[in-house]
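Read the structure below first, then the notes.
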């Protein structure tokens with residue numbers, strides 16, 4: 001499902017217009033991104049928890065040259081599904 005399909009599904013489920021659904025989705029994504037950038041966790045009870053964690057520097061191998069390289073540290077987003085979401089997909 002891509003973004004436009006998600007917007008269409010949100011509009012059908014909620015009874016909102018597609019324009020309102022797009023604005024709601026864009027606002028959710030922007031708010032989630034800002035919170036994660038600020039180091040906050042975002043917990044949606046029953047759905048799951050989003051968090052940003054620091055992945056440390058590590059060594060790897062360049063597959064093209066087979067040379068050892070250093071992969072720099074960076075922040076990555078983690079998602080832990082909630083019980084209701086896990087139950088829904090079983």
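The values are calculated or read from the model by the stated rules, or taken from the named source; none is laboratory data. Note that the structure is a prediction, hence the values are computed from the model and not measured. Note: ideal-geometry Cβ built from the backbone for every residue, glycine included; neighbour counts use all protein chains shown.
Conditions (1) modelled with pLDDT under 95; (2) in contact with a strand residue (DSSP E or B) (Cβ under 8 Å, 6 or more places away or on another chain); (3) under 22 Å from residue 6 (Cα atoms); (4) not assigned by TED's automatic domain parsing to the domain that holds residue 6, marked per residue:
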| residue | (1), (2), (3), (4) |
| --- | --- |
| 34 | no, no, yes, no |
| 52 | no, yes, no, yes |
| 57 | no, yes, no, yes |
| 66 | yes, no, no, yes |
| 73 | no, yes, no, yes |
| 89 | yes, no, yes, yes |
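Starting from segment 29-42, keep only residues that are touching a residue at least 40 places away in the same chain (Cβ under 8 Å), then list their pairs with residues that are surrounded by 11 or more Cβ atoms within 10 Å (Cβ to Cβ) whose Cβ atoms are within a distance under 9 Å, requiring at least 6 positions of separation or different chains.
Hits for this filter: 36/42; 36/50; 36/51; 36/52; 36/75; 36/77.
List the strands (runs of 3 or more DSSP E) that sit entirely inside segment 1-76 and contain at least 2 residues that are surrounded by 10 or more Cβ atoms within 10 Å (Cβ to Cβ) and in contact with a helix residue (DSSP H, G or I) (Cβ under 7 Å, 6 or more places away or on another chain).
Strands (runs of 3 or more DSSP E) meeting the threshold: 48-55.
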